[in-house]
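To start, the structure itself, in structure tokens.
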Amino acid sequence: RSGAVDPSVVLFIMEKENLTPQQMSDVLNKKSGMLGISGVSSDDRDIEKAIAAGNERAKLAWEMRTYEIVKYVGSFISALGGVDAIVFTAGIGENQPMVRSEVIKSLKYRGKVHGEEMEITTPESSVRAFVIPTNEELVIARDTKAIVDQL
């Protein structure tokens, strides 16, 4: 996905490129973000391989995305006046220790885990952080069943 984009930029691109709303949606949701910056893929596994192969655009995409996550987490902590815990879940949260590490590096966290539930903070940490795996397929199945049951 595109991340944060000024709405006037979207309209400018649509007018300049003569795009329909559906075409613009495709640009924002399928051709932007990690894929648009890296030129490789939107899949973290592909990005990691490209970084390992020396692809500077892939490295830039990784760094930009991580920076945006850090900004969002920091802004939420500030808006809330602090937090008791941070929970990492879903694809990035469960499987990207490097991203989690960047997000919480100043809070003295520990541990690199992949897809298993556990606390990743040290006893000295002022904020607790957790990895909690999701079961997206189960959620989709339950939502689908609920929709079908309503028919």
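Computed quantities for the displayed model
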quantity	calculated
Pairwise label distance in nanometres, Met14 with Arg1, each label 7 Å out on the Cα-Cβ vector	1.8 nm
Surface share of carbon and sulfur [accessible, 1.4 angstrom probe, percent] for the chain	56 percent
Calculated FRET efficiency for the pair Ala79/Met24, C-beta based, R₀ 30 Å, to 0.05	0.50
Cα-Cα P(r), segment 1-136, percent of pairs per 10 Å interval	11, 33, 32, 18, 5, 0
Highest-first arrangement of 35-41, 84-90, where packing means the average Cβ count within 10 Å	35-41, 84-90
Net charge over other residues, Cβ less than 9 angstrom from the Cβ of Phe88 (K, R count +1; D, E count -1)	0
Under 20 Å from the Glu102 label point (7 Å along Cα→beta-carbon), backbone N, segment 3-21	3-5
Relative contact order (%) - the chain, alpha-carbon pairs under 8 angstrom, separation at least six	15 percent
Rounded FRET efficiency, nearest 0.05, which uses the C-beta distance separating Glu124 from Tyr67 and R0 of 30 Å	0.70
Size of charge dipole - segment 27-151 - debye, nearest 20, with Cβ of Lys, Arg +1 and Asp, Glu -1, no other charges	380 debye
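The values are calculated or read from the model by the stated rules, or taken from the named source; none is laboratory data. Note that the coordinates shown come from a computational prediction; the quantities given were computed from them, not determined experimentally. All Cβ positions, even for glycine, are placed from backbone atoms using ideal geometry, and neighbour counts span all protein chains on display. Accessible surface areas use protein heavy atoms only, side chains included; no ligands, DNA or RNA. Shrake-Rupley method; radii C 1.70, N 1.55, O 1.52, S 1.80 Å.
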